[in-house]
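Structure first, then comments.
The values are calculated or read from the model by the stated rules, or taken from the named source; none is laboratory data. Being a predicted model, the structure only gives us computed values, none of them experimental. No Cβ is skipped: glycine too gets one built from the backbone with ideal geometry, and neighbour counts run over all protein chains shown.
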């Protein structure tokens, strides 16, 4: 019998591994890290773990956040993969892309902002907030990002 990786991926998809388990683990980890940083419970690490697992379970199972996070990180992973490809291609052409971007913080900021806008629009944030019109959400995203870019660009001097 041969092993087919695509069969494994399909079976994991059928049992809800990507829509339920991975977003649960991610959200639980984020809540746990937040608890450890804030030190909300002085009793120790066990209380932080217990509360973060409980909060993660309720948020993922009883809200639409699980599907949203699943799609969000799928799209974000595409940008990470594209970034790796860009670094590899530019390195093969004799250019150090990370060093080039580090010397131009305004350009790096604009690339990150464009990626963030695309990710937020791609994951259909209006599905997470069904009572708000999608055009309103898009306008709020663009205005917020525009204000953030102006504020940050004013503080970052070009080298």
So is residue 52 part of a helix (DSSP H, G or I) and closer than 23 Å to residue 145 by Cβ or not?
no
Does residue 28 fit the bill of being farther than 19 Å from residue 118 by Cβ, surrounded by 12 or more Cβ atoms within 10 Å (Cβ to Cβ) and free of Cβ contacts under 8 Å to residues at least 12 places away in the same chain?
no
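For (1) surrounded by fewer than 15 Cβ atoms within 10 Å (Cβ to Cβ); (2) assigned to a helix (DSSP H, G or I); (3) in contact with a helix residue (DSSP H, G or I) (Cβ under 9 Å, 6 or more places away or on another chain), each residue gets a yes or a no:
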position	(1), (2), (3)
71	no, yes, yes
76	no, yes, yes
81	yes, yes, no
84	yes, yes, no
94	yes, no, no
99	yes, yes, no
109	no, yes, yes
Yes/no for residue 138 being part of a helix (DSSP H, G or I), within 30 Å of residue 18 (Cβ to Cβ) and at pLDDT below 70:
yes
Just wondering, is there one or more residues in the range 14-25 that are exposed (fewer than 12 other Cβ atoms within 10 Å of the Cβ), modelled with pLDDT of 80 or more, more than 16 Å from the chain's Cα centre (by Cα) and not assigned by TED's automatic domain parsing to the domain that holds residue 115?
yes
Exactly one of 66, 56 is in contact with a helix residue (DSSP H, G or I) (Cβ under 6 Å, 6 or more places away or on another chain), within 22 Å of residue 34 (Cβ to Cβ) and modelled with pLDDT under 75, and that residue is 66
